[in-house]
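Contents: one structure, followed by commentary.
The values are calculated or read from the model by the stated rules, or taken from the named source; none is laboratory data. These figures come from a predicted structure and were not determined experimentally. Here the Cβ positions follow ideal geometry from the backbone for every residue, glycine too, while neighbour counts run over all protein chains shown. All accessible areas refer to the heavy atoms of the entire protein, side chains included, with ligands and DNA or RNA removed. Shrake-Rupley method; radii C 1.70, N 1.55, O 1.52, S 1.80 Å.
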Amino acid sequence: MQLSIDLTGREVLITGSDTAARQAVRRYRAAGAVVSRLSSPAGAAQAGPLPERPFLVAAVDDGQPGWAAVLGRYRETGVPVAAEPAAGPAGHVTLVGGGPGSTELLTVAAVSALRDADVVFYDRLAPYQELPALTTADLLDVGKRPGHHPVSQSGIEELMVDAALAGKNVVRLKGGDPYVFGRGGEEVAACITAGVPVRVISGVTSAISVPAAAGIPVTHRGVSHLFTVVSGHAPLTEREHTHLAGLGGTIVVLMGIGTLHHLAAGMRRAGMRVDMPMAVVERGYRPGQRTTIADLGTITTAAAGCSNPAVLVIGDVVKVAEANLGYAGAEAELDRLASALTGA
Ligand code: SAH
């Protein structure tokens, strides 16, 4: 027999260990009940905050001896006791850094986590097109792109946690590295709060790899001995412009296309020289990768047609790339000449 009761605002005491009761707790909370918990029969002695006469006791059989007596006492006072199944073993969540977009740049750990997953929640910046070749897991697009978040951050966290609580091995595949502008810390916290085991697999961040795709080293002996990675998502403050310009190293800006004009103007006001080399690298490691090289004075015009995803690099290291690429070109030319001469 099945019975539907509106539990909104009703006090429900759920008995059973945290592990065994986790799904019952979630179900009753979702039904609007005010849930209190008794996780061991011995706890009954010091059960101060427990409701004296709950609307219902939901008893999860976790195999601990002693529950019969506790439940018997509630039954005697006329409180109904409903038997609830114990939850199976919990799944876990793995936050995986997917790198800048090519499966070649996935780590070995990322590939094995994907292979073992039951469900993968992925972003558009992760190498999602190749996923069916890497895993048999259910694939769910939670589709983060600038200005386009079909599932809210809290919605994503809820989906992950719910799937893990239902016993699934969940992979959360993110672009680049989960801890670089990836909200990885928040997703880990959500898992911990829900009691879900969670681990993080670092990924190749676009902050370093996308400049590299264009031949730009973020540091170079004698040219730059530091690099700063900045989010351009929100416009920087005047103070930040001043500090950045004063550092004298390489500046790497992610999510910076929308605020490029503001940044370039701010850096000029902060005294950065107008011939400071700048590069915009769009769609690194993907079809249509493109590099636009200009300088602080000309970048706004030069990059007018640039779009996300793109990494902006400010600094003399951009010149190193130009020199290296020039050299590589020279090498190819020499090869061509050499093979022409040897008749190969
Ligand atoms: N966690 C990610 C960054 C997320 S923020 C990482 O570590 O790479 C998203 C920004 O990353 C984009 O707006 C863009 O600036 C940059 N980005 C990510 N992948 C990129 C790619 N393949 N080409 C260019 N920029 C990329």
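Is it the case, given these coordinates, that Gln64 is open to solvent by 50 Å² or more (accessible area, probe 1.4 Å) and among the polar types (S, T, N, Q)? In short, yes. You will find that of Gly266, Gly258, Gly249, Gly315, the residue that is out of contact with any Phe, Trp or Tyr (no Cβ under 6 Å at 6 or more places or on another chain), under 28 Å from Gly99 (Cα atoms), touching a residue at least 12 places away in the same chain (Cβ under 8 Å) and open to solvent by less than 50 Å² (accessible area, probe 1.4 Å) is Gly315 and no other.
In the stretch 282-304, the qualifying residues are those that are of a type in the set (A, V, I, L, M, F, W, C) and within 16 Å of the ligand (Cβ to nearest atom), and the one that is most open to solvent (accessible area, probe 1.4 Å) is Ile293.
Tally up the residues in the stretch 219-238 that are within 13 Å of the ligand (Cβ to nearest atom) and buried (at least 17 other Cβ atoms within 10 Å of the Cβ), please. Residues flagged as within 13 Å of the ligand (Cβ to nearest atom) and buried (at least 17 other Cβ atoms within 10 Å of the Cβ) within the stretch 219-238 amount to 3. Note on the stretch 1-20: among residues that are open to solvent by 20 Å² or more (accessible area, probe 1.4 Å) and closer than 26 Å to Ile192 by Cα, the one that is modelled with the lowest pLDDT is Thr19. Under the condition of being part of a helix (DSSP H, G or I) and under 22 Å from Val111 (Cα atoms), which residue from the stretch 160-181 is nearest to the ligand (Cβ to nearest atom)? For the stretch 160-181, the residue satisfying everything is Met160.
Quick one: in the stretch 182-214, of everything that is open to solvent by 50 Å² or more (accessible area, probe 1.4 Å) and hydroxyl-bearing (Ser, Thr, Tyr), which residue is nearest to the ligand (Cβ to nearest atom)? Per the stated criteria, the residue is Ser202. The sole residue among Gly43, Gly98, Gly72 that is in contact (Cβ under 8 Å) with a residue 60 or more places away in the chain and open to solvent by less than 30 Å² (accessible area, probe 1.4 Å) is Gly98. Filtered by the rule that a residue be touching a helix residue (DSSP H, G or I) at 6+ places or on another chain (Cβ under 6 Å) and either within 25 Å of Pro197 (Cα to Cα) or aromatic (Phe, Trp, Tyr) (or both), the stretch 27-46 gives Val35, Ser39.
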